[in-house]
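Read the figures in this text as sums done on the coordinates, not as results from a lab. Computed from a predicted model, the values in this text were never measured in an experiment. As a convention, Cβ positions derive from the backbone with ideal geometry for all residues, glycine included, and neighbour counts pool all protein chains shown.
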Amino acid sequence: MKTVKISSLQMAMLMYPTIVATAILSVPNLTATYANQDLWISPIFASIIGFLTVFISVRLHKLYPEKTVIQFSEQIIGRIPGKILGLAFLFFYIQSTGGITRSYAEFIVSSFLFQTPIIVVIVSMVLLCAFAVYGGLEVLGRITQVLFPLFFVPLFLLIILLSPEYEFSNIFPILERGLLPPIKGAVVPGGWFSEFFITIFLLPFLADKKKGSKYGILTVFAVMITLVVVNLIVLFILGNTTSSKTYPLMNISRYISIADFFENLESVTMAIWILGTFVKISVFFYVVVLGTAQWLNIEDYRPLVWPIGILIVEFSFWAVPSSMAFIHYEITAFPFYSVTIQTIIPLFLLGIAFFRNKNRNRNKKKETNSVYK
Amino acid sequence: MKWGNFLATAFIILIIILLQWPKMKQKPKKEKSAFIVLLLIGLFLSMFDLPYIGGPAKWIEYVFNPFGEILEK
Amino acid sequence: MPKRRSHFIKKFLIFISFIGSIFLLSGCWDRWETNDIAIVTATAIDKKGDNQIELSLQIFIPKAFGMSSSPSGGAGGGAVKELTFVISQKGVNMADALSKLQAELPRKIFWGQCKVFIFGEKIAKEGIQDHLDFLLRHPQPRERAYMFVSKGKAKHILELQSRLERSSAETMRELVDLEIGLKVTLKDLNEMLTSEAQAAALPYLKTMTEKGKKKSFQFPKIFGSAVIKKDQMVGYISQRETRGILWIRDEIKSYTVTFEPEEKKGNISLNPVTAKVDLIPQINGVNWSMLVKIQTEGTVIQNNSSLDTSNLSNLKVVEKAFQDGIRKRVEFVIEKVQNELRADILGFAKEFHREYPKQWRKVENRWDEVFPKVKIKYDIKAHIRKEGYINKPMKFRIEEEKE
Amino acid sequence: MIRNIKKLLWNMNEKHKQIQKNLQEPKSESSLHLSYHQNIEALRSVYNNCSDVIFREFLLLGKKKAMIIYMEGLSDTMGIEKHVLSPLMQETKNESLTVNEMIEHKLIISNWNSVYSLPECIESISSGNPILLCEGENVGFSLGLSKWEKRSIEEPEAEVSIRGPREGFIESIRVNISLLRRIIKSPALKIKTMKIGTYTQTTIALAYVEGIADKTLIEEVTNRLNRINIDGILDSEYIEEMIEDNPYSPFPQILSTERPDIACANLLEGRLVILVEGSPFTLIAPISFFSLLQAQEDYYQRFMISTFIRWLRYVFLGVSLLLPSFYVAVTTFHQEMVPSALLLSIAAAREFVPFPAIIEVLLMEITFEALREAGVRLPRQVGAAVSIVGALVIGQAAVQAGLVSAPMVIVVAITGIASFMIPRYVAGIAIRLIRFPIIFLAGTLGLLGIMLGILAIVIHLCSLRSFGEPYLAPLAPLKTKELKDMLWRSPLWMMDTRPHLTGEANLYKQTSDQKPGPNKGGD
């Protein structure tokens, strides 16, 4: 394969929409269900999982600098178990991609294009992502660099334009029922934060490896800040009705009104949000394709893009029966599933690899001592 | 089994093969077989009425249900 | 060269399928031409019979708009052509009535621009929550739409004509935007009804008649507010009292304060008035009290009294009078809300909850009983900062010149 | 099926080989003979039926037979008579010079050289240089006396500027090279020439500044140029299409310009310039998307004004690409987005229009494009008439007849004006072309469709390269140092560095800290 290189800034710009794009839409609702007016504290707790995941992924990367988790898990726990674990990862990512695609389409169909067949929305997006993934990681990196300002600046503008409507006192009382509700609320965004494990698929391709961990941590921090801010503005505007809205951010963006002229801009919000979702689906798609290729020991992953695209479309139907069921899944299963696969298992891998290396080093030292001296 | 879905998928797979195959000529056999097998899995899945049969989400929900119950309390 | 060839075939196929799909796709689904939609400008919900509601829509007629705006159409110069018409239908709930309405209209009903919702008094007394469910769930109605309660049938208000604006809906919207009365959007209403107090106040509409020489003209007017508790209308407060609410809610903006200084004849009017209002909840054992703190400033716009405000000692008298005027107003309305209506439309519950979450939880379920017992303290500071372009009252001048 | 394709491809291959064979002219390896007559015969048979080739025989200094062969109209007849024939035909008695000495001493010509083979002779003749052949010599002399009619240097019509040099390239490559040389006097300006086109034998010159331009880039371009095997080159576009990175892209990956100052500016930034004989348009490579949006005049105006104009251009690029589709999306999908009053008037205006909005837009856009194309091709006087008729028909009659709505006319007009804002014609065409698929997308999926269209364009632009350089260069991959000439136009004294895309070695183009001010110069 050609040596593909992206900069660590590009990695950060890839990761940010990957986490934030779907999180800003549904996290305020999901956390408000548990944390009520303390929903803005939850992302701070949740970000601990993010920091931990980035730490694990950077550590693992340092032990196996040129490899992704699919490859080195075979080295750590042996060939057959490694393959099985790799399959689990692949299954997780392909299913997540399907789920993300479906929730994207579900959102579009339920708020904008009511009569459009959902398959059209899904297929058009997956097709575009397939083209981007086919172009390779370098192209993805560049795309996200173009899209990042288009995604971030409007989000920022939204915060400013809505400022006349803020009712800051909605934040009180802080920690009314102690720390437990915000911690419970942190469980769901925790699932999002553990998606930072995807960095393990990007780190081997960094041109400036030294900055990798720094940018990784920075991204977690940026995501945390974004979620806190988004949760706060949702709270400031919607107050105690936050938990009853399916897409709170959507509701507040409908509330913008400037000079009686720029009103009802939710379609624009949707359009911009699509950019983030595109990056998210593309990154997940890329991870699945790259992982599959590595799992099968194939050099060029590009031909696999198309068949996996079909699988993603099928999974998007298979994985989710209805939008209510998906929300239920997102609360009761997804966070645990995501954290198990992306944080806990890698943690075990890291532990095993660490001990093995120690042993090996000791053995090596012994060997070198005995043989060459 | 929905024939519409199956036929549409088959058609798309045909297009994919037509477009991608010429580029893969020089590639090793392994790659070609992986490509075909993945396509066949896609074709196989398209035969089911996917939204209405228990999917992976349900299995996972089943596995992680205890945790979810703790949260719901 | 085989490579190039295959490349070409690929691009060609993609192109063909792309174009083909585009042609297949366009012309269906969610596309609605502007001449296929019926733009709803206002909605009225009334009670009809025992268990039914009557949904009335005010719908814009683009044809008439084109006529009145083009120079050739307006040549007649006669009566202004009506730009809207009202259509109504009954049903068990809004969605039901709406589907019946749709069957009567050749165009698709479009809610996206509907900025006025009016509940008839009867239905408001019965409960509005069920209808709010529809408005909040349906993606088209706007959260920013203004909510009203009307005296009598709401449908009548839609049927009124407007002389300045395009429609009566537009008139009402503009009236609210001037912030003379309450300004309640769908989002606000939803928030207020689900908040701790579970009470809200909506602007109350009345049909007024102005008798002209040739024919009388009817127009809608905001006339105080309707008070809603849980989800039913429990009472009504007058326009004057509504101003008291505006004071406490810190929403006074463009209205003139007129008061009479003690022991002096005549009035002084202030405009504009700026104010800063704080509600400070206090709990002392079992005694719950609320400190209403108002700091306000105004500019003299008319002085009919015999006081020269440029005199500093006189100014103090005037300021005192100003202060008392506000106090009277606020006291009056709080008294009414607390004891007569027993609906916490002022958001006291929220304040207590925020300041004293623990104590609040004890009374959460019996706030209705606690609310009337809350003692109110006042701390009102009123000042007059400017006196306009002339200093002494006009009266004075004339008298001075006489002498 | 696959076998069929295979067969097809194989056939293609064979055909291609044959074409290649045909294209290669029978090469006469023959070097010149000692026999004068044999040489003449060979040349005469080559130029059989070419009435414009003149064979003039004369006695060289009264002794030997000699012949001068040239093409009428390509060579300087006066010069031949004055500087070649008249000195060589004078009989001298005492001297016995060799032919070489004779030419060196007698000919009053600065530029000549010896040729040893028949093909060389032919090439020399067809490029206008007369050939002198002598009895008993197996060497011919190519005399630098070519001269043909050419256009004088004028202001380029396609790229007009208000301030800045007014010279434009012309069809003669020599003049064009001299125009470059007049601006960049340093010997570091190198010019490599080659001939492409089996029949046209067009001279192609590759110009670059040594030390600034990347060496691998020069190699790459040379390779691509050498790969061209075609019968004729009529314009630089032929070269452009043969060496592009992605021939299926609507976006130009090579810039063409008529102006020497633009060419030189790019040379100094480390880019390569390809000049083609017979075309006033020179090619510049590699380029990025943003250089299509920059006019040379940006650098001849005060930087604030240039920055403002640049931003205006970016905005109107978006407008010309998206406005019609946005109008379609908003009026047919997202009516709630339009402010109430505006929606009511649009609804009123559209009330009697028989077409759906998307058809209306397409109708108008296509008519507009047709009008524009008609205006370009027609003689200038008629062109004006066409545009007046067009404006009248669309602007007034169509609206009054109720065929289109007035807001639509405004939208199309603004789009039209916006597309004129793009300084490079080729980029403008690309944008105009892409507009149509996006209108379709907007008509099917509303804003979502527009967004998908934009995403597709972004994906395409991001995977596009111009001679190995990413097409969206300073933006993606991000080069913070180069944003100063993309997001805005920094003042000249702040632009210290060259774009890193082309020359890593010679990064700084001027000393930094040259900010002028009263305390720096004079008293």
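Annotation: amide H of C:LYS48 within the under-5 Å range of C:ILE53, C:GLU54, sequence separation 5 or more or interchain, hydrogens built in the peptide plane. Long hydrophobic helices in chain D, taken as whole DSSP H segments with a C-alpha length of 20 Å or more on their own axis and mean Kyte-Doolittle hydropathy at least 0.5: D:303-332, D:357-377, D:406-420, D:425-445, D:447-463. The charge dipole of the protein assembly as shown, taken about the Cα centre with unit charges on the Cβ atoms of Lys, Arg (+1) and Asp, Glu (-1), comes to about 3080 debye, rounded to the nearest 20. For region A:120-179, the Cα-based Rg and Dmax, in that order, read 19.6, 51 Å.
Applying a 10 Å radius around every beta-carbon, put C:300-307, A:334-341 in order of their mean neighbour count, most first.
The most tightly packed comes first, giving A:334-341, C:300-307.
Peptide D:121-128 shows a mean partner chain C-beta count of 0 within 10 Å per residue C-beta. The per residue volume of the convex hull around the alpha-carbon atoms of the protein assembly as shown is 323 Å³. Counting other Cβ atoms within 10 Å as a rough exposure proxy, the listed residues C:MET394, A:MET125, D:MET494 run C:MET394, D:MET494, A:MET125 from fewest neighbours to most.
Put in line by how crowded their Cβ is, counting other Cβ atoms within 10 Å and starting with the fewest, D:GLU220, D:GLU154 read D:GLU154, D:GLU220.
Kirkwood radius, region B:3-72, all distinct C-alpha pairs, inverse of mean reciprocal distance: 15.0 Å. Close amide H contacts of C:VAL184 (hydrogens built in the peptide plane, cut-off under 5 Å, sequence separation of 5 or more or a different chain): C:MET147. Centroid-to-centroid, using Cα positions, region A:1-72 and region D:120-168 are 66 Å apart.
The separation of region A:259-304 from region C:185-206, counted between C-alpha centres, amounts to 41 Å. Could you work out how far helix A:42-63 tilts from the main Cα principal axis of chain A, as a 0 to 90 degree angle to the nearest 10? Relative to chain A, helix A:42-63 is tipped by roughly 20 degrees. Give the residues of region C:199-226 whose amide nitrogen is closer than 19 Å to a point set 7 Å from the Cα of C:ARG163 in the direction of its Cβ. From region C:199-226, the list is C:206-223. Of the residues C:ALA103, A:CYS129, A:THR226, the one whose Cα sits farthest toward the positive end of the charge dipole of the protein assembly as shown, with +1 on the Cβ of Lys and Arg and -1 on the Cβ of Asp and Glu, is A:THR226.
What separates the Cα centres of region D:384-455 and region D:265-306 is a distance of 28 Å. Estimate the FRET efficiency between C:LYS362 and C:ASP278 by the formula 1/(1 + (r/R0)^6), using the beta-carbon distance for r and 25 Å for R0, to the nearest 0.05. With a Förster radius of 25 Å, E is 0.50. Here D:LYS481 is the anchor, and the aspartates and glutamates within straight C-alpha reach of less than 20 Å, apart from those fewer than 8 places off in the same chain, are A:ASP208, D:ASP214, D:GLU269, D:ASP298, D:GLU469, D:ASP496, D:GLU504, D:ASP513.
A Förster radius of 45 Å, combined with the Cβ-Cβ distance separating B:TYR52 from C:LYS230, puts the computed FRET efficiency at roughly 0.60. Note on region C:33-237: dipole from Cβ charges, positive end direction compared against C:PHE219, C:MET172, C:LEU135; the farthest Cα belongs to C:PHE219. When the C-alpha to C-alpha distance is required to be over 25 Å, the pairs from A:LYS5/A:LYS210; A:LYS184/C:LYS358; A:LYS211/B:LYS30; D:LYS147/D:LYS192 that qualify are A:LYS211/B:LYS30.
In this structure, the residue pairs whose Cα-Cα separation is over 19 Å, taken from D:LYS82/D:LYS106; D:LYS190/D:LYS215; C:LYS316/C:LYS336; A:LYS67/A:LYS209; A:LYS245/C:LYS183; C:LYS48/C:LYS122, are C:LYS316/C:LYS336; A:LYS245/C:LYS183. About the centre of its Cα atoms, chain D shows a dipole size close to 700 debye [charges on the beta carbon of Lys, Arg (+1) and Asp, Glu (-1) only; nearest 20 debye].
Evaluated with a Cβ-only charge set (Lys, Arg +1; Asp, Glu -1), region D:232-325 carries a dipole of roughly 540 debye about its Cα centre, given to the nearest 20.
Placing R0 at 56 angstrom, the Cβ-Cβ distance between A:ILE80 and D:VAL175 gives a FRET efficiency of 0.15 after rounding to 0.05. Working from label points 7 Å from Cα in the Cα-to-Cβ sense, the D:TYR508 to C:LYS375 distance is 8.0 nm. Listed from fewest to most Cβ neighbours within 10 Å, the set D:PHE355, A:PHE151, A:PHE262, C:PHE119 follows the order A:PHE262, D:PHE355, A:PHE151, C:PHE119.
The distance between label points at C:ALA95 and B:PHE11 comes to 3.5 nm (points 7 Å beyond Cα on the Cα→Cβ vector).
Site pair C:GLN302 and C:MET394 shows an inter-label distance of 0.9 nm when each label is modelled 7 Å from Cα along Cα→Cβ. Along the charge dipole of the protein assembly as shown, which of A:GLN95, D:PHE355, D:PHE290 sits closest to the positive end, that is, farthest toward it, with unit charges on the beta carbon of Lys, Arg, Asp and Glu (+1, +1, -1, -1)? Farthest towards the positive end: A:GLN95.
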